[in-house]
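Below you'll find the structure, written out as structure tokens, and then a few comments.
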Amino acid sequence: MVAKNSVLILAAGKGTRMKSSLPKPLHAVCGYPIVAHILKAAQALNPAGIGVVIGHGADQVKQTVLDNLSTWGITAPVEFFVQEDLSGSGSAVKAALPFLQKHDNVMILNGDTPLLQADTLQSMQTAFEKANAGTLVLAVEVPNPFGYGRIVRDAQNQFEKIVEQTDADEKTKQIREINSGMYVFNSKALQNALTQLKPQGPKHEYYLTDTLALIKQAGLPAMVFTTQDYTQALGINSRAQLAEAAQIMRARINQFHMDNGVTLINPQDTYIDAGVQIGADTNIASGCYLLGNTKIGQNCTLESSVYINNSIIHNDVTLKLGTYIEESEVAETCQLGPYAHLRPKSILKKGAKVGNFSEIKKAVIGEGSKVNHLSYIGDTQMGAGVNVGAGTITCNYDGKNKHQTIIEDHVFVGSNVNFVAPVTVHEYAKIGAGSTITKEVAAQGLAIARSRQVVLENKGVKKEHD
Ligand code: UD1
Ligand code: CA
């Protein structure tokens, strides 16, 4: 059986203008690589198949896509086609000939327009099918058409051809209606047209954009489908366009969260990745970064300059100024900061507190436990109701290996204590301030491990008039 709709993404180009060792499709916009945004929009059409043409950095692009398909929610079968010659978007499509042969209609998307929206693609597909067209191109008027292919219309205001920037005369350059780089093709008509392409422009490239006029000349309807929203067509060719696209996407993401009941004190200075979820009545101050697959619950407060990457924050949590959280989980009603640091695999149980300049790594801080001042707690299992005094350090590393510290429920740790791991302190024990704990402490025991104080008479500071 021949499958009907399919999407082919062109991502083989060199991206010369990015001046980067990273292939252009892998540059991130709001947390996802450019190509991921395009794959996600393609997936929303529920296509029979998605093809990706790769070339420059082929292995890296392919591997990144394969590794992340489930993260990005791509369930359609994805196939890769390698373009060997990199001689233009037309030859990119030629490299995917087996894909064209498999599908009746093919939507083709440039791999560098991450702001495209799935509902626009859906409308294009519907219009194409309704008109039984040979080809359809998404066009839009842009304030500055420089660099884009211009849509040239005939006397009847119908599609005539696309003229690339490098080949445009002065009159054509005035046209502000441009080719977005998103199309739907009748697959057979496209295959025919591809055989007729001739190299164009200073770089002798095969332009996909020439196939539209060829399909029209073959007698099939060539349609221009327009949208008002020019941001959707923004193609990323340079770092400046990368920044511009990110800014537009950020504004969309922030709007989405505000519509869902999240307060952003200063949306212009709030950086939320596309994969982030935030509950209603959470209040986010200026300068916060919420990245990756972070989830934040309801009614949380994030003071200024909070940075959270790939972490889960439950309801009613307060994160004070400058708190930094990576790959960790924070239960409801916890309080962190100012300037608290959770390194990967930290888990804070309900109501726990981690205060100023405290660093937690790969540790569980039990329910209601407090690490409020200037501490380092790493590779530690801490029970509930523990109080850790200022300046407490777990010495978890012996120069070769990491070791565990276990602190059971309701232990009271005085200030400036060192736990030399591996070591266990049983429940309700007390540790005297300044102790270096190297041995197990029994339940309810009081451990004091510091040298006794000595006072030598008249060895202090000399008074001047003595
Ligand atoms: C292209 C269009 C232009 C349109 C613009 C929209 C052509 C000839 N021109 O120009 O009409 O207005 O996009 O953004 O298509 N690619 C390959 N292999 C190649 C060359 C390119 O796969 O050999 C891919 C690129 O990875 C990219 C896409 O095709 O995703 C477009 O290539 P690019 O060089 O960015 O074309 P533009 O000059 O932007
Ligand atoms: Ca481009």
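The values are calculated or read from the model by the stated rules, or taken from the named source; none is laboratory data. Model, not experiment: these values are computed from the prediction. No Cβ is skipped: glycine too gets one built from the backbone with ideal geometry, and neighbour counts run over all protein chains shown. Just so you know, the surface numbers come from the protein's heavy atoms only, side chains and all, with ligands and any DNA or RNA stripped out. Shrake-Rupley method; radii C 1.70, N 1.55, O 1.52, S 1.80 Å.
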Pick out the one residue from Gln165, Gln191, Gln156, Gln196 that is open to solvent by 50 Å² or more (accessible area, probe 1.4 Å), out of contact with any strand residue (DSSP E or B) (no Cβ under 7 Å at 6 or more places or on another chain) and closer than 21 Å to Ile108 by Cβ. Gln196
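Of all residues in region 1-13, which are at pLDDT below 90 and under 21 Å from Gly90 (Cα atoms)?
Hit for region 1-13 is Asn5, nothing else.
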Before we move on, is Leu136 touching a residue at least 40 places away in the same chain (Cβ under 8 Å), in a strand (DSSP E or B) and within 11 Å of ligand 1 (Cβ to nearest atom)? no
Inside region 81-93, the number of residues satisfying the requirement of being more than 10 Å from ligand 1 (Cβ to nearest atom) and buried (at least 21 other Cβ atoms within 10 Å of the Cβ) is 0
When you scan region 199-318 for strands (runs of 3 or more DSSP E) that lie fully inside it, which ones turn up with 2 or more residues that are within 16 Å of ligand 1 (Cβ to nearest atom) and not charged (D, E, K, R)? 222-226
Checklist (1) open to solvent by 50 Å² or more (accessible area, probe 1.4 Å); (2) more than 20 Å from Leu319 (Cα to Cα) applied to Lys370, failing item: (2)
Exclusive hit being within 14 Å of ligand 2 (Cβ to nearest atom) and at pLDDT 95 or above, set Leu116, Leu97: Leu116
Check region 85-93 and report whether any residue there is more than 16 Å from ligand 2 (Cβ to nearest atom) and assigned to a helix (DSSP H, G or I). no
So which residues in region 112-133 are in a loop (DSSP other than H, G, I, E, B), open to solvent by less than 40 Å² (accessible area, probe 1.4 Å) and farther than 21 Å from Gln191 by Cβ? Asp112, Thr113, Pro114, Leu115, Leu116
In region 144-153, what count of residues is obtained for those that are open to solvent by 20 Å² or more (accessible area, probe 1.4 Å) and either within 14 Å of ligand 2 (Cβ to nearest atom) or free of Cβ contacts under 8 Å to residues at least 12 places away in the same chain (or both)? 4
